[in-house]
Amino acid sequence: MRCPFCGFDDQKVLDSRPARDGEAIRRRRECLSCERRFTTFEAPERPRLLVVKRDGSRTDFSKDKVLHSMLLAARKRPVPADVLREAVERVERSLFDSFDDEVPTSAIGQRVMQELAQIDVVAYVRFASVYQEFETLQDFIEIVEHVTATNERRLPDELNSLFPELGLETGDRSPRSGTRGTEALR
Ligand SMILES: [Zn+2]
């Protein structure tokens, strides 16, 4: 960085010590050109991720909103809330690992779908069937509310054609052995 007095860009550090209750490091520096001294503080940036909506506007990433949308998708399904909370943690971690400052809503939707596909097929379908249409998380939540109210028991077979990369089982959730119907009752 540049010396605030002469603009020269190299200094020696005379002293480093914790500052701001350990949340930063204070360094006393001496300019190698003019030899005047100044202080710098180094602290981690507050983790922050902006969600870029399709209209280009931005809003802070919110775990609560993601959880809310997943809870709606899993409404009346045998999915414990803790399982969804853990999934939201993985989604958040993945997003913060993969994106520096901004993340498109589409990337959030894809990660949520990956999680739901592992957790509950119906919840996944509810989410996936509206995913293409949502502009904002709020829009999305409203669409999910509508879909879950009108299509409570729907489990469309077109899932695999919509999202072949996920390799989902669609239709009846029969046992993996392949026994179904009367055979399973014997
Ligand atoms: Zn200087």
E135 outside any helix (DSSP H, G or I), at pLDDT below 85 and under 30 Å from R46 (Cβ atoms): yes
Residue list for segment 35-58, restricted to those being farther than 30 Å from G22 by Cα and without any contact (Cβ under 8 Å) to a residue 24 or more places away in the chain: G56, S57
Qualifying residue in segment 45-57 (condition: exposed (fewer than 13 other Cβ atoms within 10 Å of the Cβ) and farther than 19 Å from D101 by Cβ): no
Odd one out for K76, checked against (1) over 21 Å from K53 (Cα atoms); (2) free of Cβ contacts under 8 Å to residues at least 60 places away in the same chain: (2)
Listing of strands (runs of 3 or more DSSP E) fully contained in segment 1-105 that carry 3 or more residues being in contact with a Ser or Thr (Cβ under 7 Å, 6 or more places away or on another chain) and within 16 Å of the ligand (Cβ to nearest atom): 24-31
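The values are calculated or read from the model by the stated rules, or taken from the named source; none is laboratory data. The structure presented is a predicted model; accordingly, all values stated were derived computationally and were not measured. Every residue, glycine as well, gets a Cβ built from its backbone with ideal geometry; the counts of neighbours run over all protein chains shown.
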